[in-house]
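Student: Before we start, here is the structure in question, set down as structure tokens.
The values are calculated or read from the model by the stated rules, or taken from the named source; none is laboratory data. Note that the structure is a prediction, hence the values are computed from the model and not measured. Note that each Cβ is placed from the backbone with ideal geometry, even for glycine, and that neighbours are counted across all protein chains shown. For accessibility, only protein heavy atoms count, side chains too; no ligands or nucleic acids. Shrake-Rupley method; radii C 1.70, N 1.55, O 1.52, S 1.80 Å.
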Amino acid sequence: MKRAYFGTDGVRGPYGGPVVNDAFARKLGAAAARFFRAPTGATSDRAPARVLIGRDTRQSGPALEAALAAGLRAEGFAPASLGVVPTPAVAWAVRRENAAFGVVLTASHNPAGDNGIKFFGPDGTKLTDEQEARIEEQLPLVAGRAAGGGGEPLPVLSDVAQNYVGVVSRLLPPACLRGWSIVLDTANGATCGTSPAVLRGLGATVAGLGDAPDGRNINAGVGSEHPEGLCALVRRTGARLGVAHDGDGDRCLLCDEQGDVLDGDEILTLLALHALRQGRLPRQTLVVTVQSNLGVDAAVQAAGGRVLRTPVGDRYVAERMFAEGAALGGESSGHIICAEVSPAGDGLVAALKVIEVMLATGQPLSSLRRALRRFPQLSAAMTVAEKRPLEELPAVRGAIRAAEAALGGSGRVLVRYSGTEPKIRLLVEGEDAAQVQTCLERLKAAVAADLGSG
């Protein structure tokens, strides 16, 4: 279903802009309340039902939280603040507290000037496209009722972060990381308190990066989008591995002991192969998106498993996982879903699962990552002024056809618009690196010709 405000991961944009602002947050809170209260929504008519709100460290978070709460109260709900917590902790808390639904105020890996709003249903899962479209349908009906307000203090559930730390810590044996040195980059974001607490609690010595949030420095040269500092510190200190989160903590990139980055594809492949060897990968199935390298399919299939693909977006991965009875899935960006732990992507859980494999095999990360032999793959993101339908772009369509013919059956071409930014994303993959490069350059030229982008 077509949506005007929601993208692949909630509503997102510059704070104070036409979409992400206090007035819109009030209306969206009221619209979501009406949806969840309706018979077609996710909860009963009992009121006031509690709604849990978490946020990352952005300076705009408290104002958006107050505005959103005003909209929820206008429709008879009882909002409660979780304070600064990782996105996966909100998903976990919604189920634990039997809340009507949950909200996270975050723009994930985006710069500090952006913010966003995403929802979790009472089961801790992200909403479907259809559910988000139905929330948008409520917006014209709540404009007056959601106006004003926002001054009443919110009750705070201050123990959620601590309880989340306790639950996640139990994924590994006590003191199992004694003698380990780990570099941890928390992106000046929502995991600054939780992830180091878990790793240190398990016995590791932790060197921190991006661990001094000031409201304006989230993701600024640190985190999963900027792993250079992480890699350098791992090399300098001789750490066992490095872990990098994004601003809200639902992503994880790793760095091996040699200072080289592992992305989500490598993490998923080594986890899937270990689970297959142990007979513990449900349905022998790994779920990834169309963005993942074809080498993932080759490695998992060779080990007796199967790979299913979805559109880009971790919620599409989650939907397919639950439909198929799968327990492992994710994205090359580092969104990893371990469904036996949580229905939501969790960067800390993903890191602990990899550490579990390291402990079980005795192998360093530089060896485990060899499970994935990548096909040559190149990608590009080009800013566009408008997102015209691809079928209306003759040069792009011609370049796609030419690339597919050149690559034959051993490669692929992916062209799509970003769901969260004004960009068109290009991906070319095949067995011959030079051919892949040529095809990508021709695609970029075609996009410039049709859209005048750069």
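Student: Is it true that some residue in the range 362-369 is open to solvent by 10 Å² or more (accessible area, probe 1.4 Å), assigned to a helix (DSSP H, G or I) and in contact with a Leu (Cβ under 6 Å, 6 or more places away or on another chain)?
Tutor: Yes - at least one qualifying residue is present in the range 362-369.
Student: Just a yes or no: is a residue in the range 175-195 touching an Asp or Glu at 6+ places or on another chain (Cβ under 9 Å), in a strand (DSSP E or B) and surrounded by fewer than 20 Cβ atoms within 10 Å (Cβ to Cβ)?
Tutor: no
Student: Check residue 102 against each of (1) open to solvent by 10 Å² or more (accessible area, probe 1.4 Å); (2) touching a residue at least 40 places away in the same chain (Cβ under 8 Å) and name the one condition it does not meet.
Tutor: (1)
Student: Now for a separate question. Give me the pairs: first residue in the range 162-183 and farther than 21 Å from residue 93 by Cβ, second residue surrounded by fewer than 13 Cβ atoms within 10 Å (Cβ to Cβ), beta-carbon distance under 8 Å, and six or more apart or on different chains, which are they?
Tutor: Going by the 8 Å Cβ cut-off, the qualifying pairs are 181/238.
Student: Quick test for you: out of 301, 291, 284, pick the one residue that is open to solvent by 20 Å² or more (accessible area, probe 1.4 Å), without any contact (Cβ under 8 Å) to a residue 60 or more places away in the chain, of a type in the set (S, T, N, Q) and under 30 Å from residue 258 (Cα atoms).
Tutor: The match here is 301.
Student: Please determine, by comparing only the residues of the range 418-436 that are in contact with a Pro (Cβ under 7 Å, 6 or more places away or on another chain) and assigned to a helix (DSSP H, G or I), which one is surrounded by the fewest Cβ atoms within 10 Å (Cβ to Cβ).
Tutor: Per the criteria, the residue is 433.
Student: Here's a follow-up. For residue 326, which of the numbered conditions (1) farther than 26 Å from residue 376 by Cα; (2) not in a loop (DSSP other than H, G, I, E, B) fails to hold?
Tutor: (2)
Student: Being within 14 Å of residue 447 (Cβ to Cβ) and surrounded by fewer than 16 Cβ atoms within 10 Å (Cβ to Cβ) is the filter here; which residues of the range 390-401 pass it?
Tutor: 390, 392, 394, 397, 398, listed by residue number.
Student: Any idea which of (1) in contact with a helix residue (DSSP H, G or I) (Cβ under 8 Å, 6 or more places away or on another chain); (2) at pLDDT 95 or above; (3) within 30 Å of residue 272 (Cβ to Cβ) is the one residue 379 doesn't satisfy?
Tutor: Failed condition: (2).
Student: Return the only residue of 133, 147 being of a type in the set (A, V, I, L, M), part of a loop (DSSP other than H, G, I, E, B) and either at pLDDT 95 or above or open to solvent by 20 Å² or more (accessible area, probe 1.4 Å) (or both).
Tutor: 147
Student: Suppose we filter 18, 62 for residues that are without any contact (Cβ under 8 Å) to a residue 12 or more places away in the chain, open to solvent by 30 Å² or more (accessible area, probe 1.4 Å) and over 30 Å from residue 387 (Cα atoms); which single one remains?
Tutor: 62
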